[in-house]
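Heads up, the thing below is written out as structure tokens.
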Amino acid sequence: MFEEPDDSENPSERAATPEARAKEKFDEFRMHAEIAAVFEGPRKFEAQVRPDLDADIARDVQRTVAKLDKSKVGETPVIDPASAPEALRLLTIPETKDLPTNDYQIHRRPGETMIVRWLRGEEVESFYERLQAHFNAALGQFREEERQQHGWKQDAATLEYLDALDKIDVKMADRYAREPIRNHNLFVLSTQAADEMDIIHLTDYVMSVGPAAVVGEASAPPEDGATEQDRAWFFKLFALRGMSEGVERMMFFTFLQKTDEGGW
């Protein structure tokens, strides 16, 4: 799942500090963990894939998320307080539009798919637990690979590096600003994007549903002989978090577009 370390180098020589070496992988682990936690609902939590999201709601979410993304304070993911009412409106759409939380609400256009998933209360708690579990698994795999590749050398620098790597502890809820959101009523929006997401990996492996269930029969790659181009989709994920009447809420908006159609 991750790149194999190059055992031709002493790991202590590839970065100035053990922390710096590990940090090279942190963002990769975080992105994989986030994608897994966001999309594993059908496999882990009996979430339904609902391909009938109203077009007006989908367009409203898309436009509003784009505006909120531009309203963030400086280089932070925190939304300007002036835009907080719009963030709150998006997070409470399940109540105002009578939509379920947890499920994957889908709207399709030719060559495009929009997915919206809302979480609240205990569903948010479960998300953070799974996010941390996925991250820990990836970090644990990396530690084991490094120990297998370099532990036999027994030189002081390598042993120091491996020992320091074992002590690294990352709390994903902190990276998501969970406590500031709950304590200071902030609204936070983070994003990640990929020019080429393997749609079969996302749907079959992470979600445990076929690609046609997500992108539709017309856009799904062929069952036999699918090429890399057939499987490649532009992917952008927005994660909006905040509070409403003391209840923790999340909304994930995903935009998928076939790469030969151009990005959003």
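Data table
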read-out: In the stretch 183-235, the residues that are surrounded by 20 or more Cβ atoms within 10 Å (Cβ to Cβ), within 17 Å of the chain's Cα centre (by Cα) and of a type in the set (F, W, Y); value: W233, F234, F235
read-out: Hey, P94 touching a Phe, Trp or Tyr at 6+ places or on another chain (Cβ under 9 Å), assigned to a loop (DSSP other than H, G, I, E, B) and closer than 28 Å to K44 by Cβ or not; value: no
read-out: Residue list for the stretch 102-133, restricted to those being out of contact with any Lys or Arg (no Cβ under 6 Å at 6 or more places or on another chain), assigned to a strand (DSSP E or B), more than 21 Å from A177 (Cα to Cα) and not basic (K, R); value: I106, H107, E112, T113, M114, I115, V116
read-out: Scan of the stretch 46-66 for residues that are of a type outside the set (V, I, T) and either touching a helix residue (DSSP H, G or I) at 6+ places or on another chain (Cβ under 7 Å) or closer than 20 Å to P180 by Cα (or both), ordered by number; value: A47
read-out: Pair list, Cβ under 6 Å, 6 or more apart: the stretch 111-122 residue under 14 Å from L90 (Cβ atoms), other residue part of a loop (DSSP other than H, G, I, E, B); value: W118/T101; L119/T101; R120/T101
read-out: Residue among L202, L186 that alone is among the aliphatic types (A, V, I, L, M) and part of a loop (DSSP other than H, G, I, E, B); value: L186
read-out: Residue list for the stretch 132-189, filter: more than 22 Å from L68 (Cβ to Cβ) and of a type in the set (G, A, S); value: A133, A137, A138, G140, G151, A156, A157, A164
read-out: Residue check, L202 touching a strand residue (DSSP E or B) at 6+ places or on another chain (Cβ under 7 Å) and within 26 Å of Q105 (Cα to Cα); value: no
read-out: Those residues of the stretch 45-80 which are of a type in the set (K, R), surrounded by fewer than 14 Cβ atoms within 10 Å (Cβ to Cβ) and farther than 18 Å from K97 by Cα, in sequence order; value: K67, K70
read-out: The stretch 138-157: number of residues that are touching a residue at least 24 places away in the same chain (Cβ under 8 Å) and either on the phi > 0 side of the Ramachandran plot or assigned to a helix (DSSP H, G or I) (or both); value: 10
read-out: The stretch 111-122, residues that are touching a strand residue (DSSP E or B) at 6+ places or on another chain (Cβ under 8 Å) and either surrounded by fewer than 16 Cβ atoms within 10 Å (Cβ to Cβ) or modelled with pLDDT of 95 or more (or both); value: E112, T113, M114, I115, V116, R117, W118, L119, R120, G121
read-out: Meets criteria (of a type outside the set (G, A, S) and at pLDDT 95 or above) for H134; value: yes
read-out: The stretch 210-236, residues that are within 28 Å of K72 (Cβ to Cβ) and in contact with a helix residue (DSSP H, G or I) (Cβ under 7 Å, 6 or more places away or on another chain); value: W233, F234
read-out: Output for the stretch 222-264, where each listed residue is assigned to a loop (DSSP other than H, G, I, E, B), more than 17 Å from D195 (Cβ to Cβ) and not aliphatic (A, V, I, L, M); value: P222, E223, D224, G225, E245, G246
read-out: Where a residue in the stretch 242-254 is touching a residue at least 60 places away in the same chain (Cβ under 8 Å) and more than 20 Å from T113 (Cβ to Cβ) and its partner, wherever it lies, is in a loop (DSSP other than H, G, I, E, B) and among the polar types (S, T, N, Q), with Cβ under 9 Å and at least six apart; value: G242/N185; M243/N185; S244/T92; R249/T92; R249/T101
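Each row is one residue, and each column tells you yes or no for (1) modelled with pLDDT of 95 or more; (2) under 22 Å from the mean Cα position of the chain (by Cα); (3) closer than 20 Å to R241 by Cβ.
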{"position": "R59", "(1), (2), (3)": "yes, yes, no"}
{"position": "K70", "(1), (2), (3)": "yes, yes, yes"}
{"position": "A84", "(1), (2), (3)": "yes, no, yes"}
{"position": "L88", "(1), (2), (3)": "yes, yes, yes"}
{"position": "R109", "(1), (2), (3)": "no, no, no"}
{"position": "F127", "(1), (2), (3)": "yes, yes, yes"}
{"position": "A138", "(1), (2), (3)": "no, yes, no"}
{"position": "E145", "(1), (2), (3)": "no, no, no"}
{"position": "H150", "(1), (2), (3)": "no, no, no"}
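The values are calculated or read from the model by the stated rules, or taken from the named source; none is laboratory data. Note that the structure is predicted; figures quoted are calculated from it, not measured. Please note: Cβ atoms are built from the backbone with ideal geometry, for glycine as well, and neighbour counts cover all protein chains shown.
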